[in-house]
Amino acid sequence: MTLKPPPLRNDCFALPAGVDWTPVDEALALLRDRLDVVTGREILPLGQALGRVLACDVLARRSNPPQPNTAVDGYGFAGAVPEGAHVLPLVQGRAAAGLAYEGEVPAGRAIRILTGAALPAGVDTVILEEDVTLGAEEIAFHGPLKQGANTRKAGEDVAAGDVILSAGRVVTPADLALATATGLAEFEVYQPLRVGVLSTGDELRDVGQTAAPGQIYDANRPMLLALLGQMGFTPVDLGRVRDDRAALRARLNSAASEVDVILTSGGASAGDEDHVSALLREAGAMQEWRIALKPGRPLALAMWDGVPIFGLPGNPVAALVCTLIFARPAMGLMAGASWQSPQGFEVPAGFEKRKKPGRREYLRARMRDGRVEVFKSEGSGRISGLSWAEGLVELRDSAADISSGDPVRFIPYDSFRL
Ligand code: AMP
Ligand code: MG
């Protein structure tokens, strides 16, 4: 295990003076600019590295394939074959994958060879067994055949020393195949980013507790904890605090030594009961990012004892959208990953909508019959719509009214995984 990098600068969330409503892309560019990796590194066997972020470029130790070999079952010999009928006598024995033929195949003779077998000395071309008539000790076939036909060259996939995977990449199952094939046994990766989730609000109750009519269950915390786990971070449940500044301060103080990042939900606006923003402002650590975004403004960003806090809105829809759009790529950078923009797809709208130009909007959406449909209500307390949806429609800042059939960008929920 290596030393952790130094903490982020305290002014890393400062906004340029005079900014009013910040467009989403500018807010994202600021985060991308200011944030950096905060976790330490470790070496892991490949089998434990799935989903981890590579801490350095990975170079192939050996070539793939390591030797020239045959791509098919057939017969191997030397050189190109001209048009016309040919007969070649066979040598004794055969070459199979993992069972090399040790001798040399003389010019003008052929050898039985099976898929994956290294080409024996004297063989550079293979004819498919289906294209051959097999006699007792010879084969007959028709040309032409190019030199090298049906063979794989050494290193034609990857050459030893090639960079096969770049630092900042999140390891996939296919990466494990690539690294194993090219002779690697371990990766240097970043330690997972620990992300604390804290809910705030006097009205909140936990699952299993009884709730009076004026109370609601804390729906954000289980959602955010689960989401963080899916994104490859280590979720840490920081529980729930009442709308009480001293309690909130105490919780943040203790959390700052347990986690790398804190997500709070609720209390992030500018009202009397918005204790998260009030406390962060009091501590001089707060930046209120008024983002030209629906749903979701404002977003409170702060540094607390060197730990970044994302003060998310309390509404579950806004909390989820802000987490996906802002917190996810920001946390990705802190986890050592390269900047991640979610993969979206231009598809025809299966809905109509009036929209004000000048702000970005995200709608709960799903694909049906080649069109994207949106949830019947845009109310940001409508948790059922979050669950109904399979992704988000992103409406450009400049977009005005949308008519049925207009191209719009659909981002499946899956695109937000780290
Ligand atoms: P706030 O941002 O604290 O003003 O909260 C905005 C709305 O979101 C209010 O209706 C809150 O009751 C609701 N809310 C806040 N936190 C949660 C939560 N953890 N789960 C569900 N709803 C919440
Ligand atoms: Mg509240």
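The values are calculated or read from the model by the stated rules, or taken from the named source; none is laboratory data. Here the structure is a predicted model, which is why all the values come from computation and not from measurement. All Cβ positions, even for glycine, are placed from backbone atoms using ideal geometry, and neighbour counts span all protein chains on display. In case anyone asks, the SASA skips ligands and DNA or RNA and just uses the protein heavy atoms, side chains included. Shrake-Rupley method; radii C 1.70, N 1.55, O 1.52, S 1.80 Å.
This table checks each residue for (1) within 16 Å of ligand 2 (Cβ to nearest atom); (2) open to solvent by 20 Å² or more (accessible area, probe 1.4 Å); (3) not assigned by TED's automatic domain parsing to the domain that holds Glu378.
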position	(1), (2), (3)
Leu263	yes, no, yes
Leu280	yes, no, yes
Arg290	no, yes, yes
Pro313	yes, no, yes
Cys322	yes, no, yes
Pro329	no, no, yes
Gln340	no, yes, yes
Ala349	no, no, no
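Can you tell me how many residues in the range 251-292 are in a loop (DSSP other than H, G, I, E, B), among the hydrophobic types (A, V, I, L, M, F, W, C) and within 12 Å of ligand 1 (Cβ to nearest atom)? The number of residues fulfilling the criteria is 2.
Of the residues Arg221, Arg245, Arg169, Arg240, the single one that is over 21 Å from Pro316 (Cα atoms) and within 16 Å of ligand 2 (Cβ to nearest atom) is Arg245. If we scan the range 138-157, do we find a residue that is at pLDDT below 95 and surrounded by fewer than 19 Cβ atoms within 10 Å (Cβ to Cβ)? Yes: the range 138-157 contains one or more residues that are at pLDDT below 95 and surrounded by fewer than 19 Cβ atoms within 10 Å (Cβ to Cβ). Residues in the range 167-185 that are closer than 19 Å to Arg417 by Cβ, touching a residue at least 24 places away in the same chain (Cβ under 8 Å) and open to solvent by 10 Å² or more (accessible area, probe 1.4 Å): 5 in all. Where residues in the range 298-322 are within 11 Å of Ser269 (Cα to Cα) and outside any loop (DSSP other than H, G, I, E, B), which of them is farthest from the chain's Cα centre (by Cα)? Out of the qualifying residues, it is Ala300.
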